[in-house]
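Structure first, then comments.
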Amino acid sequence: MATHVRASPAGWPRTNSVTHRQHSTSPQIDRFINLYPLTNYTFGTKDPLYEKDSSVAARFARMKEEFQKVGMRRSVEGVLIVHEHGLPHVLLLQLGTTFFKLPGGELNLNEDPVDGLKRLLTETLGRQDGAPMDWTIEDTIGNWWRPNFEPPQYPYVPAHITKPKEHKKLFLTQLPEKALFAVPRNYKLVAAPLFELYDNSAGYGPIISSLPQALSR
């Protein structure tokens, strides 16, 4: 059974949405996304998926080199949501004991963001047999910029920055009702409840911890 969630200014969970619309003069757009139980999905394993760079320093060195050639890096990440115990959970890739990330990665030169995200989701979580996956990419729910060749990223471009080094877009992704995911052996796929992510940048970083606010919009 799917849980139907309406995207409205009333927030998450849906409460008093009718009353809120009655007192608002601005136009409203009602959007629904189906959340299916975590138990609807089967999780297998496949060969490890390694980062392109051997270290953080190597990553920024490559970013700097590519910036000189092709400009700002573009990257995309998918926000995949299920429900467990009646609460929305976000699927995260866990590396080691303390590092969490959303599935996604870098776009190729001139690659369409939606097509690129579908490619990256398939590379990361696609089935071992190569069968096509039913990825439905919904709204953009976040934009983050990296002003320098350093770890910090911000949900805006700082005023003194004229040429950001990376632009990352977060897309809400509608999962099919049932699916088989193959997770690289060097990662774990975990479902984190929204209440655990909220205001928890120490545990999940600023981007993932901002998802409850982004989704509530």
>> Just to be sure I understand, how many residues within the range 115-134 are surrounded by fewer than 16 Cβ atoms within 10 Å (Cβ to Cβ), touching a residue at least 40 places away in the same chain (Cβ under 8 Å) and not in a loop (DSSP other than H, G, I, E, B)?
In response: 1
> List the pairs whose first member sits in the range 154-182 and is aliphatic (A, V, I, L, M), whose second member is part of a loop (DSSP other than H, G, I, E, B), and whose Cβ atoms are under 6 Å apart, counting only residues at least 6 apart or on separate chains?
Replying inline: VAL157/PRO164; ILE161/PRO147; LEU180/ARG127; ALA182/ARG127; ALA182/GLN128
>> Which numbered condition in (1) free of Cβ contacts under 8 Å to residues at least 24 places away in the same chain; (2) touching a helix residue (DSSP H, G or I) at 6+ places or on another chain (Cβ under 6 Å); (3) aliphatic (A, V, I, L, M) is the only one that ILE137 fails?
In response: (1)
> When you scan the range 59-85, how many residues do you find that are of a type outside the set (Gly, Ala, Ser) and over 18 Å from the mean Cα position of the chain (by Cα)?
Replying inline: 14
>> Just to be sure before I move on: is ILE29 of a type in the set (A, V, I, L, M, F, W, C) and modelled with pLDDT under 95 in the structure I sent?
In response: yes
>> Looking only at residues that are open to solvent by 30 Å² or more (accessible area, probe 1.4 Å), touching a helix residue (DSSP H, G or I) at 6+ places or on another chain (Cβ under 7 Å) and part of a strand (DSSP E or B) in the range 149-196, which one is farthest from PHE100 (Cα to Cα)?
In response: LYS169
>> When you check THR140 against the structure, is it part of a helix (DSSP H, G or I), closer than 24 Å to GLY205 by Cα, in contact with a strand residue (DSSP E or B) (Cβ under 9 Å, 6 or more places away or on another chain) and of a type in the set (S, T, N, Q), yes or no?
In response: no
>> Could you tell me how many of the residues in the range 39-90 are among the aliphatic types (A, V, I, L, M), crowded, with 18+ Cβ neighbours inside 10 Å and in contact with a helix residue (DSSP H, G or I) (Cβ under 7 Å, 6 or more places away or on another chain)?
In response: 4
> For the range 30-58, which residues satisfy the criterion of being over 21 Å from the mean Cα position of the chain (by Cα), polar (S, T, N, Q) and either assigned to a strand (DSSP E or B) or within 16 Å of TYR187 (Cβ to Cβ) (or both)?
Replying inline: none
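The values are calculated or read from the model by the stated rules, or taken from the named source; none is laboratory data. Worth saying up front: this structure is predicted, and the values here are computed from it rather than measured. So basically every Cβ, Gly included, is an ideal-geometry build from the backbone, and we count neighbours across all protein chains shown. Heavy atoms of the whole protein, side chains included, go into the accessibility calculation; ligands, DNA and RNA do not. Shrake-Rupley method; radii C 1.70, N 1.55, O 1.52, S 1.80 Å.
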